[in-house]
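What follows is a set of notes on a single structure, which appears directly below.
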Amino acid sequence: MTAITTRRFLQTAGLLFAGALLAACGKKDEAPAPSAAAPAPAASVAAAPPPAKVYVVGTDAAYAPFESQNEKGEIVGLTVDVLSAVAAKAGIEIKFVNTPWEGIFNSLQQGDRDILASSITITDERKQTMDFTNPYFDAYQLIAVKATSKVAKFDDLKKLKVGVQTGTTGDEVVTKQQGKNSTNIKRFESTPLALKELESGGVDAVVADNGVVVNYVTNNPDAKFKTVSDKAFAPEQYGFAVKKGNAELLEKLNKGLADIKADGSYDTIYAKYFGAAPAAAAPAASK
Ligand code: ARG
C-alpha cells in the first residue's frame, strides 16, 4: 500500500519537522511533536492523544515534483509536504491514498476521500461541486515540444496533435482552442504518459502544468524537449479540495495553511523543491 501517515512523514522529513517544532515552541499548539527536542509542557507524560479520525487524502501520484511515488512506493512531493505540515498544525491525522485522476473528484463526492491534494487548480466550475482551501501554489500551462519543433506560441498548436491529461486544465485550454470534436487532441490518463507519447512522436506537443513539464524536461534530457510559454495562459492556483459544505475541515486546513505560511515552513518546503523562496519573499533574504 502506498499510504503514509502524518506521523510517518514527520519522522522522515527532518527539515520540516524542525520547523514544526520551532512553531510548537512559539505558541500553544497541538502539533503532535514527539518530546525529544522541544521542552515539553509539564503535563505531557500523560498526554496520550485521543484516537483521532484519520482523514483520507486522494492524490494522483504521477505528478512529480508535486505528488509522486518514490522507490519505496511512498507518496512524496511538495503537495504531500505542504498538506502534512498543514495537518500537523491543524492537529489532524491524514493518510495519502494514490487515486487515479479520472476518478478523483468522484471519490470525494462518494465520501471515499476526505481531502483531495493533487495539484488541483481552483476553477469556478469545480467550485460548484467541491470546496477549496486558499491556494497553496501558483501555476500556469506550459507547452512541451521536441527541441527541433517550430512551435513558438500556443496559437501554433491549432492544427497539431496535442497530448493532455484527461480532464485537466491543460485539456480545457486545448479543447477550447481546437474545439470539442477535434480529433487532434490525444487524452491520457496521466501527464507522464502524454509526455512519453511526445517522446515517441505520437503527438506534436503536450500542454500541462509548468512545474510538472519543467521537472520532466529537466530529468529526461534524452527526450530532447524544450518548453514554450505563452501569456495567453491564465494564471492558475492549486488548492486542497474537501466535500462541498465541509466547512469545519476547510477551516482547519485554511488555518494550518496560514500558519505554515506565517512561520516560514511553507517557504522551506517550497525551497526544497524549487530551490528558491516564492516570488513574494524578500529578494535579499538568504538562508
Ligand atoms: N492543475 C491541473 C488541474 O487541476 C492538473 C492537475 C493534475 N494533477 C495530478 N496529480 N495529475 O487540472
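Every number in this text was worked out from the coordinates using simple rules, so none of it is lab data. This one's a predicted model, so the numbers in the text were calculated from it and none came from an experiment. FYI the Cβ positions are ideal-geometry reconstructions off the backbone, even for glycines, and counts take in every protein chain you see.
Take the residues in the range 196-229 that are assigned to a loop (DSSP other than H, G, I, E, B) and surrounded by 18 or more Cβ atoms within 10 Å (Cβ to Cβ), then tell me which one is farthest from the ligand (Cβ to nearest atom). First the steps, then the outcome.
Narrowing the range 196-229 to residues assigned to a loop (DSSP other than H, G, I, E, B): 201-204, 220, 224, 229.
This time we only want the ones that are surrounded by 18 or more Cβ atoms within 10 Å (Cβ to Cβ), so: 203-204.
Numbers: Val203: 17, Asp204: 21 Å.
Here the residue is Asp204.
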Q | Selected residue (criterion: surrounded by the fewest Cβ atoms within 10 Å (Cβ to Cβ)) from residues of the range 114-141 that are within 17 Å of Leu249 (Cβ to Cβ) and β-branched (Val, Ile, Thr) | A | Thr129
Q) Phe132 versus (1) in contact with a Gly (Cβ under 6 Å, 6 or more places away or on another chain); (2) free of Cβ contacts under 8 Å to residues at least 60 places away in the same chain; (3) not charged (D, E, K, R): which is the lone unmet condition? A) (2)
Q: Take the range 180-195 and flag every residue that is in contact (Cβ under 8 Å) with a residue 60 or more places away in the chain and assigned to a loop (DSSP other than H, G, I, E, B).
A: Glu189, Ser190
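Filter the range 163-190 down to residues that are of a type in the set (A, V, I, L, M, F, W, C) and closer than 18 Å to Val214 by Cβ and give me whichever is surrounded by the most Cβ atoms within 10 Å (Cβ to Cβ).
Applying the first criterion (of a type in the set (A, V, I, L, M, F, W, C)) to the range 163-190 yields 164, 173-174, 185, 188.
Narrowing further to those that are closer than 18 Å to Val214 by Cβ: 164, 173.
Details: Val164: 25, Val173: 20.
Applying the filter and picking the extreme gives Val164.
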Q: Specify the residue that is farthest from Val162 (Cα to Cα); the eligible residues are those in the range 230-249 that are within 16 Å of the ligand (Cβ to nearest atom) and aliphatic (A, V, I, L, M).
A: Val242
Q. Looking at (1) aliphatic (A, V, I, L, M); (2) buried (at least 20 other Cβ atoms within 10 Å of the Cβ); (3) within 19 Å of the chain's Cα centre (by Cα), which is the only condition Leu193 fails?
A. (2)
Q. Within the range 56-76, how many residues turn out to be buried (at least 23 other Cβ atoms within 10 Å of the Cβ), in contact (Cβ under 8 Å) with a residue 60 or more places away in the chain and part of a loop (DSSP other than H, G, I, E, B)?
A. 2
